[in-house]
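Note sheet for the following structure.
The values are calculated or read from the model by the stated rules, or taken from the named source; none is laboratory data. Treat the numbers as computed from the prediction; the structure is a model and nothing was measured. Positions of Cβ are generated from backbone atoms using ideal geometry, with glycine treated the same way; all protein chains shown enter the neighbour counts. To get the accessible areas, we keep the full protein, side chains included, count just its heavy atoms, and leave off ligands, DNA and RNA. Shrake-Rupley method; radii C 1.70, N 1.55, O 1.52, S 1.80 Å.
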Amino acid sequence: MSLLAKSKGEVTYKELSGFHKWFLIILVSMGSSIIYTPVYLKNVFYEPLMQGLGCTNADLGALLSCYAVAAVVCYLPSGILADKIRMRTLSWVGFGGTAVLTFVYALLPSLGLLYVLFVGFGITSILIWWGTRFKIVRLCCAEDEYASKIGTSYSIYGAAGLVIGLINAAIVSAIPVPSEGIQVLLVFLGVLIAILAVLSFIFIPNFKGEIDPSAKLFSLGEVVQAIKHPGVIWACLAYFCVYTVYQGVTYTTPFMTTCFAAPVFIVSVVGLIRTYGIGLIAGPVAGLFADKLLKSPSKSILLFFAAAAVVLACFLVLPRDAGMVVAVAALIVVLGFVTYGAFSIGSSPLTEAKVPMAIFGTASGILSVIGFMPDVFVHTWFGGMIDAQGADAFNSIFIILIAFAVVGCFCLVMTRRAMKKNEALEAAKADAAPGEDAVAA
């Protein structure tokens, strides 16, 4: 069977059938949605999870911060591993390890053991698995197709997340005891992730050029080369702001419950649409803007950031009463669209900056270390604010997110400036080369 991993030896994307390429993109895109669902359950099932675990808002935030600390430590090594170890190996081992931890999570252990468990999730889902998603998409297409392919990847991510999320919502709604509902949900997720491990083992091929067998496992020179590449650091800082706003938007879930007395089912459905459903169109639209309309990922992210700031400002002036639930839900969907759009193409400035394939995994690791650092503090920070201030905390949260959107716009402007400066230097070198050759002759 031509889809089998070992049936063709080493291959390039040109040697794979269209079906096989899309199968792999779908596999890692679905996987990137499902593998992180156990860790980020609070984004949709905030109240049931808090009741099931018997913890506070701050405790939930602390668990995410614990995971985030492990993740930040692992992001850069994960990018380096993605340049040194086969995608097939990293994918099936990462999925398999996460499945095992999810089954342990289903036992609803003590808070202390949960901290250990979330560190384990950081190792399996970040150190081992994280680098595979961006690189497999990159290995399955030409360089100038990456922005649209990664946008489509996030659309698949959204579709998978929506379908699985609706099933999860049905499970939680059907079981009246929160702890039992969360347990069944986690067992279901564990089985799905285990299936993804098996599919990865069977179907991901060995790609030509994905690793250099003679290279050292760790090369400080590659890290320095990636950091020094024009535009990379500004792109990483922009992604930091993108992700801060993207994660901050998850607090519209308790916002609806606390300030508008919205029913849990409605809040869960809106949360699913915001987190996953909107991605069905936001990812491809963002990719279309980046590749065809604005012809620049950084310009597209700038546009989405500006729209996000406008919607967040609306939350500050909207009357806080139950009659506004529909209006709030609509604004949350719009906010989900623009933040998801920015997030879905957030890594694309690396290809816009023309980062070489040999250090692309390393550059993605640096992007992830800086970009996903908000997980370390945002959830604990915002959760603690809600515990201390109640409904009054949300205005502060939205003002903070607007500030990050503004800073993100500045970083994107600086990213483009660095890219243009580098292009001018490269063009000057190319123009000077013939004259130098003539003198030498």
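In this rough spin-label picture, where each label sits 7 Å from Cα along the Cβ direction, the LEU111-ILE202 distance is 4.4 nm.
Looking at region 261-338, the trypsin sites (Lys or Arg not before Pro) that sit in a DSSP loop and have at most 13 other Cβ atoms within 10 Å of their own Cβ are LYS295.
Distance between the C-alpha centres of region 107-133 and region 174-210: 14 Å, rounded to the whole angstrom. To the nearest ten degrees, helix 87-105 and the longest principal axis of the Cα atoms of the chain are 10 degrees apart. Comparing LEU60, PHE240, ALA160 along the charge dipole axis of the chain, the residue lying farthest to the positive side is ALA160, per the Cβ-charge model. What do you get for the angle between helix 297-317 and the principal long axis of the chain? Use alpha-carbon atoms, 0 to 90 degrees, nearest ten. That helix lies at roughly 20 degrees to the long axis. One chain, two ends: VAL326 and PHE377. Fully extended at 0.36 nm per residue, the span grows by 15.3 nm beyond their Cα-Cα distance. Of the chymotrypsin sites (Phe, Trp or Tyr not before Pro) in region 332-401, not one is in a loop by DSSP (not H, G, I, E or B) with at most 11 other beta carbons within 10 Å. Comparing MET324, MET50, MET87 in a Gaussian network model of the chain where C-alpha atoms under 10 Å apart are linked, the largest mean-square fluctuation is found at MET324. In the complete set of protein chains, residue-level accessible area for ASP291 is approximately 40 Å², probe 1.4 angstrom. The 3J(HN,Hα) values that the Karplus relation (6.51, -1.76, 1.60; θ = phi - 60°) gives for region 23-40 are, in residue order, 4, 5, 4, 5, 4, 6, 6, 4, x, 5, 7, 7, 5, 9, 4, x, 6, 9 Hz. Gly and Pro appear as x. Using only C-alpha atoms and all pairs of different ones, pull out the Kirkwood radius for region 264-377 in Å with one decimal. It is 15.7 Å.
Of all the accessible heavy-atom surface of the chain, with the other protein chains kept in place and a 1.4 Å probe, what percent is carbon and sulfur? On the chain, the fraction of accessible area on carbon and sulfur atoms equals 71 percent. Here LEU318 and LYS420 are evaluated by their C-beta separation; at R0 = 51 Å the FRET efficiency comes out at 0.80. Computed from Cα positions, the angle between helix 130-139 and the longest principal axis of the chain comes to roughly 50 degrees. Fully extending the segment from ALA306 to VAL191 would add 37.4 nm, taking 0.36 nm per residue of separation and subtracting the current Cα-Cα distance. Here the label points at ILE227 and LEU288, each 7 Å from Cα along the C-beta direction, are separated by 4.1 nm in the simple model. The lysine pair count for region 1-127, using Cα distances under 27 Å and pairs eight or more places apart or on different chains, is 7. Stretching the chain fully between PHE410 and ILE26 yields a gain of 134.9 nm (0.36 nm per residue, less the alpha carbon separation). Set against the 2.2 N^0.38 Å expectation for a compact globular protein, region 144-211 has a Cα radius of gyration ratio of 1.53.
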